[in-house]
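Scroll down for the structure; my scribbles are underneath it.
No value in this document is a laboratory result; all are computed from the given coordinates. Given the structure is predicted, the values throughout are model-derived calculations rather than measurements. Positions of Cβ are generated from backbone atoms using ideal geometry, with glycine treated the same way; all protein chains shown enter the neighbour counts.
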Amino acid sequence: MDYIDPHIHMVSRTTDDYATLARMGCVAVSEPAFWAGYDRGTVDGFRDYFEQLTSFEPSRAAAYGIEHYTWLCINAKEAENVALSREVLAMIPEFLDRPGVLGIGEIGLNKNTPNEATVFAEHVDLAARLGELVLIHTPHLEDKLQGTRMILDLLAADGRLAVEDVLVDHVEEHTVGYVLDQGYWAGMTLYPNSKCTPARAADMVERFGPERLLVNSAGDWGPSKPTAVPDFIFEMRRRGQTEATIRHVVLDNPLDFFSRSRRFKLPERLR
Amino acid sequence: MSAIPSPLTAEKILDREGTTLRAQLLDIAALLDRIERAAGGENAEAFAQLPLSAIRELLIPGDADRVGRILRLYSRSYDPAWQERFAEEGAS
């Protein structure tokens with residue numbers, strides 16, 4: 001089945017993964033800017049990273065017939081440095097009109113601190129002023145419920161973003177209801193230990209219906225499985241769910257959300 | 001949001017997943033045994049309250065939300081007045 005992984009960090013993966021994803025039906029990947037595993041020191045570090053996301057990585061993906069989309073921001077972890085964050089925010093517009101850039105992301109909260117909240121709000125302001133989509137990271141583990149609700153409060157306080165233009169990612173059973181009830185897209189991340197499993201994601205699709213739910217692998221430099229979306233497809237098929245329902249989650253929903261970006265172009269394989 | 005039915009009956013789910021369930025229960029049991037065997041293990045109730053409370057949640061039926069309940073048990077609390085609190089902390 002053709003599918004899209006709407007949240008995967010391919011800069012940290014080898015071409016073996018592209019080769020595997022291409023064989024498993026992946027037509028496109030969407031890669032938000034994220035924490036590299038260490039705190040970058042300067043805005044030029046982010047400039048180089050954005051260059052990599054918007055030029056080199058799409059060419060790496062294209063060699064395997066996979067469309068590459070990307071998102072730009074300073075991530076929640078590095079957002080604790082407000083001064084650096086503001087330099088990065090000022091620099092983001094230099095890259096926004098590059099092909100494949102879908103919007104601002106993955107912004108969010110990490111430890112739910114005042115500085116993180118400030119920088120999150122300033123990213124939302126940037127997105128609202130420039131008419132951009134937003135992809136949001138919700139915190140890990142014990143911080144997720146508190147952080148998700150804080151994020152929803154901040155979005156409501158700003159009020160300018162259309163709910164259809166926002167994807168709140170890494171939802172789990174205790175946060176998905178809040179996100180869907182307020183009209184946003186909700187991403188389920190199939191990542192070992194700290195997030196969800198294919199079976200639990202399938203359960204959430206059954207409990208809440210397939211509308212506005214997406215699944216992703218968030219494959220990155222840590223222990224993770226870039227083929228997690230095919231695992232979800234397999235689990236849904238094992239349960240006897242229809243091909244139409246499965247395709248709705250793994251292909252139609254990502255396409256519907258991404259197509260709201262004025263720079264979105266359909267993956268070549270789907271044209 | 002409209003739920004979609006599970007194509008499998010409850011009995012079919014257990015039939016299909018029973019071996020996996022057994023393996024997962026054994027992993028939990030082995031971990032608890034490992035804790036009990038280790039030095040200080042006799043005080044497990046004191047320092048392992050969170051996981052033990054989560055295990056007790058497994059036995060409470062009726063709302064099909066054991067996962068949500070356990071996740072909430074493991075979560076920091078949300079304060080609806082956090083924005084006011086941040087504003088006060090910022091001012092001071």
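Applying the Karplus parametrisation 6.51 cos²θ - 1.76 cosθ + 1.60 with θ = phi - 60° to the phi angles of region A:247-253, what ³J(HN,Hα) value in whole Hz is obtained for each residue in order, glycine and proline being reported as x?
Listing the rounded values in order: 4, 4, 6, 8, 10, 4, 5 Hz.
If you take the C-alpha gyration tensor of region A:100-179, multiply each eigenvalue by 5 and take the square root, what semi-axes do you get, largest first, in whole Å?
One finds semi-axes of 19, 14, 11 Å for region A:100-179.
Calculate the length of the line joining the C-alpha centroid of region A:226-271 to that of region B:19-92, in whole Å.
33
Expressed in nm to one decimal, what extension gain is obtained for the pair A:His140 and A:Ala156 from 0.36 nm per residue of sequence separation less their Cα-Cα distance?
Extra length available between A:His140 and A:Ala156 comes to 3.6 nm.
Around A:Val215, which amide H atoms from residues at least 5 apart in sequence, or from another chain, sit under 5 Å from its own amide H, with H modelled in the peptide plane?
A:Met188
Give a residue-ordered list of calculated ³J(HN,Hα) values for region B:80-88 (Karplus: 6.51 cos²θ - 1.76 cosθ + 1.60, θ = phi - 60°; whole Hz; x for Gly, Pro).
x, 9, 5, 5, 5, 4, 5, 5, 5
Size of the dipole of chain A about the Cα centre, Lys and Arg at +1 and Asp and Glu at -1 on the beta carbon, nothing else charged, in debye to 20?
Numbers: 28 positive and 41 negative charges, 117 e Å.
Here chain A has a charge dipole of around 560 debye.
Give or take rounding to whole Å, what are the principal axis extents of the alpha carbon atoms in the protein assembly as shown, in descending order?
Answer, in whole Å and largest first: 58, 57, 39 Å.
Only sites in a loop by DSSP and with at most 12 other Cβ atoms within 10 Å count here; which trypsin sites (Lys or Arg not before Pro) in region A:163-263 make the cut?
For trypsin sites (Lys or Arg not before Pro) across region A:163-263 that sit outside H, G, I, E and B with at most 12 neighbouring Cβ atoms in 10 Å, the list reads A:Arg262.
Could you compute Rg(Cα) / (2.2 N^0.38 Å) for region A:1-78, with N its residue count? List each step's numbers first, then the result.
Details: Rg = 12.9 Å, N = 78, 2.2 N^0.38 = 11.5 Å.
That ratio works out to 1.12.
Evaluate E = 1/(1 + (r/R0)^6) for B:Leu26 and B:Ile60, where r is the Cβ-Cβ distance and R0 equals 25 Å; express this FRET efficiency to the nearest 0.05.
Efficiency computed from Cβ-Cβ geometry: 0.70.
With 10 angstrom as the radius, rank A:Glu164, A:Glu132 by how many other C-beta atoms surround their C-beta, starting from the fewest.
Ranked by crowding around the Cβ, least crowded first: A:Glu164, A:Glu132.
Assuming a viscosity of 1.002 mPa s and a temperature of 20 °C, what translational diffusion coefficient in µm² per second does Stokes-Einstein assign to chain B, Rh being the Kirkwood radius over Cα pairs?
Roughly 124 µm²/s, to the nearest whole number.
Between B:Arg37 and B:Leu73, what is 0.36 nm times their sequence separation minus the Cα-Cα distance? Round to one decimal in nm.
Length gained between B:Arg37 and B:Leu73: 10.4 nm.
Could you give me the ³J(HN,Hα) list for region A:117-125, computed from phi with Karplus coefficients 6.51, -1.76, 1.60 and θ = phi - 60°, whole Hz, x at Gly and Pro?
Running phi through 6.51 cos²θ - 1.76 cosθ + 1.60 with θ = phi - 60° gives 5, 4, 5, 4, 4, 6, 5, 4, 4 Hz.
Please report A:His248, A:His7, A:His68, A:His137 as a ranked list, fewest other C-beta atoms within 10 angstrom at the top and most at the bottom.
Arranged by neighbour count, lowest to highest, A:His248, A:His7, A:His68, A:His137 become A:His248, A:His68, A:His137, A:His7.
Which of the lysines could be linked to A:Lys77 by a straight reach, that is with a Cα gap under 16 Å, when you skip same-chain ones fewer than 8 residues away?
A:Lys111, A:Lys144
Arrange the peptides A:113-120, A:89-96, A:71-78 so that the one whose residues have, on average, the most other Cβ atoms within 10 Å appears first.
The most tightly packed comes first, giving A:71-78, A:113-120, A:89-96.
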